[in-house]
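Written below as structure tokens is the structure these notes are about.
The values are calculated or read from the model by the stated rules, or taken from the named source; none is laboratory data. As the structure is a prediction and not an experimental result, all values here were calculated from the model. Here the Cβ is made from the backbone with ideal geometry for all residues, glycine too, and neighbour counts use every protein chain on show.
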Amino acid sequence: MKFHKNNNVNLQRLNTNISKDISADTKNTNKIAATVLHSITNSPQNISAAPEESLSQTVTNKPSDSPYVEGELILRVSNDAVMKQLESELEEKGIHMLRRVDQLGLIRVKLPDNMRADEMKKILSEIDDIKEVLPNVRTEIPKDVNNIPMLDHGRPITAVANKGNELLKNTDPALRAELGNNIIVALLDTGVDDTHPDLTEKTLQGYNFVDDNAITSDNNSHGTACAGIIIGAGKNPDSTTGIAPAAYLLPVKVMDDNGKGNSFAVIEGIVYAVDRGAKVINLSIGTLRDSKILREAIDYAISKGAVVIAAAGNDGEEKTLLPAGYKNVICVGAVDGAKLHAPFSNYGDKIDVVAPGVAVYTTAPDGGYKSFTGTSAAAPFVSGAVAALLSQSHNLSPAEAMEKVLNLADNLGPANYDYLFGNGIVNIKRLIEKDSDSIYDAALTTLYFEPADLVPGSETKVHFVIQNQGNRTISFGKFLYQIGEEKNDVSVRKLNVGECEDITLSWTVPSEKPEGEMRIQGYFKISEADDEPMDNGQAVILQRAEWE
């Protein structure tokens, strides 16, 4: 009978006292790390976004089921010199030019209400300056998960405490105040309440591509919530301090008050932002439809030296929104306050890193505050981290900055990359102090069973994943463990910066109910003084009732 599922365990972060508990009566052993489990899920198949469909569908689909903006097209022209002439030519045929992005040679047009698809194709094929015709893909903010139950199959979902700083090891108040200095972060969203006391000093004048004006106020709250996580000033004890409070925020409104938008407005916003000096672009928005022009806008941003960060989505499925799924975008999933996978967070082989995303305390319109849940909340943490990195390393290219964020993340789940956590959770302390050799940080990142369901009398493997989360090589350490009554240790000879090791031990689950609780725990102890001792140990406690 199955009596315990691994995702329901009582997982505890333990202090240094655990080492004394485990080391008592330990014996030398030759049991050493054996196997590395590549994923805690079965290897998922690649999920590709749906391709752009035929242009006739963009005209004929009903509004209720169309992934495209009906009655609109995007035209690519041979060069921007013909834009004005082309506008007149299109108007003569009843096609109205709405917007244009000269940098990418694109025009957004509105078709007459009664124009048939075959008529549209014939007209456009006769204009030599039109090189390509594309649909305008709908975009939106991710699914609202702010009111989800705080239980996942019986496991409590933990709210993010202290604005996520402990989870990200962003614990130095003096250093934190200067993070992001003079870096412009563009927030493409529903707008921002720039009168909020925690946002007003660092929010620049932006633009509204929904209504084509300079009013970027937020009547939805989504954008304002993202803004507080990035640049919140922490004006009073009840307010919020962002990850990069010294950065500037450029609000770019590309989503309407209902959180809906389109790919053309998003590319306008991207081009606008980088042309005004933005070095970080936060996209807590997306679509499931691939958009060629959106990919081109991302490439344009990167060519201008900007790093693009996007939310994976809140469907709790093996897929990712776009542009988060594009290879040159940092795709962000969400974890809860216990660093466990948030059940709503999308997953798969496109996830790059994770960040806090459950009940994050942040800014709200009209000077208020709110609890904000979703990968929309997680992405701004990473945007803030990138702004912090760039403020200290101005010459990093977007590719180099992305590499630093991924390579200096703290492992979660099985050793190295996996489909729930990607490369792990962002470590701001190690990111900022990447060029020094000042941090010793040994960590037990994960404790899990294989198989996950424990059956009395069955053989199982207990995985303890350890990692060097500092910026200095760990020359020697001991891993102390307890599995039921057995206490022992394993020598760790050397662990390079960022390196993981999976210490895997065999265990037979007792057939009979134990007299008391059963403890499975580990502690990674190194010879040097550890700067972050609170992450050295973990434990799973099995209660007697679980044998019933």
For the list (1) at pLDDT below 95; (2) within 26 Å of A338 (Cβ to Cβ), I need the number of the one condition that H463 fails.
(1)
Within the stretch 368-407, take every residue that is hydroxyl-bearing (S, T, Y) and buried (at least 16 other Cβ atoms within 10 Å of the Cβ) and give me the one that is farthest from I351 (Cα to Cα).
Y369
Given (1) assigned to a helix (DSSP H, G or I); (2) in contact (Cβ under 8 Å) with a residue 40 or more places away in the chain; (3) within 25 Å of A442 (Cα to Cα), index of the condition A399 fails:
(3)
Which numbered condition in (1) touching a helix residue (DSSP H, G or I) at 6+ places or on another chain (Cβ under 8 Å); (2) buried (at least 19 other Cβ atoms within 10 Å of the Cβ) is the only one that Y272 fails?
(1)
Residue check: is L175 over 20 Å from the mean Cα position of the chain (by Cα), farther than 21 Å from V252 by Cα and not in a strand (DSSP E or B)?
yes
So the check is Cβ under 9 Å with 6+ separation or different chains; which pairs have a first residue in the stretch 224-251 that's over 25 Å from V271 (Cα atoms) and assigned to a strand (DSSP E or B) and a second one that's modelled with pLDDT of 90 or more and charged (D, E, K, R)?
A233/D198; A233/E201; A233/K202; T241/D198
Among what's in the stretch 154-164 and is in contact (Cβ under 8 Å) with a residue 12 or more places away in the chain and not hydrophobic (A, V, I, L, M, F, W, C), pick the residue that is surrounded by the most Cβ atoms within 10 Å (Cβ to Cβ).
G164
Among residues of the stretch 315-333, those that are free of Cβ contacts under 8 Å to residues at least 60 places away in the same chain and assigned to a loop (DSSP other than H, G, I, E, B), counted:
7
Residues of the stretch 497-548 satisfying the condition of being acidic (D, E) and assigned to a loop (DSSP other than H, G, I, E, B)
E499, E512, E515, E517, E528, D530, D531, E532, E548
Candidates L167, L151, L106, L86 - the one that is assigned by TED's automatic domain parsing to the domain that holds A244 and surrounded by 15 or more Cβ atoms within 10 Å (Cβ to Cβ)
L167
Here is a list: G357, G374, G337. Which entry is at pLDDT below 95, under 18 Å from A161 (Cα atoms) and within 18 Å of the chain's Cα centre (by Cα)?
G337
